[in-house]
Amino acid sequence: MKKIKITQIKSGIDRPERQKKTLKALGLTKLHSTKEVEATPQVLGMVRKVDHLVKVEELS
């Protein structure tokens, strides 16, 4: 399975609770924190919900 690197680039402050929980579920707790995760359909769906708050890079 492919891996992706997710970096939080905008704050979750003043966002709906659902988006805050999605960031936490992805493992992003602070600004500019980064996580490498497998690109499963579930993770890609979560990333799509908060795509305005994160930057996604594909890893080889």
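A short reminder: the numbers here are calculations on the coordinates, not readings from a lab. As the structure is a prediction and not an experimental result, all values here were calculated from the model. With ideal geometry, Cβ positions are generated from the backbone for all residues, glycine too; neighbour counts draw on all protein chains shown.
Could you derive backbone 3J(HN,Hα) for the range 49-60 from the dihedral phi with the Karplus parameters 6.51, -1.76 and 1.60 (θ = phi - 60°), listing whole Hz in sequence and x where the residue is Gly or Pro?
6, 10, 5, 7, 10, 10, 10, 10, 10, 7, 9, 8
Counting pairs of alpha carbon atoms under 8 Å apart in space and at least six apart in sequence, what relative contact order in percent does the chain give?
Numbers: 87 pairs, mean separation 33.8, N = 60.
Once normalised by length, the contact order is 56 percent.
From the convex hull of the Cα coordinates of the range 3-59, what is the mean projected area in square nanometres? Display every interim value, and only then the final one.
Details: hull surface 13.1 nm².
For the range 3-59, the mean projected area of the Cα convex hull comes to 3.3 nm².
Once you place label points 7 Å from the Cα toward the Cβ at Lys2 and Gln42, how far apart are they in nm?
About 2.0 nm separates the two model spin labels.
Using the Karplus curve 6.51 cos²θ - 1.76 cosθ + 1.60 with θ = phi - 60°, what ³J(HN,Hα) values do you get for each residue of the range 3-17, in whole Hz, with x for Gly and Pro?
Whole-Hz 3J(HN,Hα) from phi for the range 3-17: 10, 10, 10, 10, 10, 7, 10, 10, 6, x, 5, 6, 10, x, 4.
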